[in-house]
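Reading through the structure tokens given below for one structure.
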Amino acid sequence: MSTETNWNEAPMSQLVDYIITKHHVYSYAELDLISELLTWHVRNYWLKFPVLLQAHTLFHQVKAAFEQHMIQEETAGFPMIKAAEKDSTKSLAPFVKTITHHEEAHEHAISTLRKVKETLWNGEPPAEIGPEVATTITLISNLIADLAEHIRLENDILFPRARALQA
Ligand SMILES: [Fe+2]
Ligand SMILES: [Fe+2]
């Protein structure tokens, strides 16, 4: 659907639903899975590789922050966009005022996930835990790639359209 849909033309409510079902659902699931894996790495290897503690802390900070960000979109910003699109008397000003915060949250999430990845051995992980950590690193890379598209849809399409509707 995404490749055929012109998101500059489709209703914003459709774009918002697409972002939630395609990107938010995936992000929640992957954040949970990566959390489990990192916790397992820490439990088994922190004594030998204390850097795992640092990655675990950093990851859980970004996990909490980004989950809160998505929840805020789903319960405040996105419903406001849908309401304003349906009824032109409904103001989008409260949402438009928060766009900068949304963009900062996006930047923070993607740069922190990159930092988590770098902390988990940017090059070759030690052979002893290599294959297990490599799987976790791949999942983080996939999440970063999905986040890039998720952020593009919001920063480059949804937010400018919300601003234009409010103007
Ligand atoms: Fe989002
Ligand atoms: Fe967002």
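Values quoted throughout were computed directly from the atomic coordinates according to the rules given, and no laboratory measurement underlies them. Please read these numbers as outputs of a predicted model, since none were measured by experiment. Cβ placement follows ideal geometry from the backbone for every residue including glycine, while neighbour counts extend to all protein chains displayed.
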(request) Report the charge-dipole magnitude of the chain in Debye, nearest 20, computed about the Cα centre from +1 at each Lys and Arg Cβ and -1 at each Asp and Glu Cβ. (result) 340
(request) Report the residues of the range 33-53 in range of a label on Asn122: point 7 Å along Cα→C-beta, backbone N strictly under 20 Å from it. (result) 50-53
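At a 10 angstrom cut-off on C-beta neighbours, averaged per residue, how do the peptides 112-122, 157-167 rank from highest to lowest? Intermediate results must be reported in sequence, preceding the final value.
Numbers: 112-122: 17.5, 157-167: 15.7.
My ranking of the peptides, most packed first, is 112-122, 157-167.
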(request) Please identify which residues in the range 70-110 have an amide N closer than 14 Å to a label point set 7 Å out from the Cα of Ser13, following the Cα→Cβ vector. (result) 78-90
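Residues with beta-carbon under 14 Å from that of Lys115, excluding Lys115: net charge, scoring Lys, Arg +1 and Asp, Glu -1? Intermediate results must be reported in sequence, preceding the final value.
Values: positive: Lys63, Arg114, Lys117; negative: Glu107, Glu118.
Computed value for this residue: +1.
If you average over every viewing direction, what projected area does the convex hull of the Cα atoms of the range 12-166 give, in nm²? Intermediate results must be reported in sequence, preceding the final value.
Details: hull surface 35.0 nm².
Spelled out: convex hull of the Cα atoms, projected over all directions, averaged, 8.8 nm².
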(message) Filter Lys22/Lys115; Lys22/Lys90; Lys22/Lys97; Lys22/Lys63 down to the pairs with a C-alpha to C-alpha distance above 20 Å, please.
(response) Lys22/Lys115; Lys22/Lys90; Lys22/Lys97
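Can you list the DSSP H helices in the chain whose Cα atoms extend at least 18 Å along the helix axis and whose mean Kyte-Doolittle hydropathy is 0.5 or higher?
130-151
Given 0.36 nm per residue, what is the gain on full extension from Asn6 to Leu33 after removing their alpha carbon distance, in nm?
Details: separation 27, 0.36 × 27 = 9.72 nm, distance 3.21 nm.
My answer for the length gained is 6.5 nm.
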(message) So if I take the centroid of the Cα atoms in the range 66-108 and the same for the range 129-149, what is the distance between those two points in Å?
(response) 28
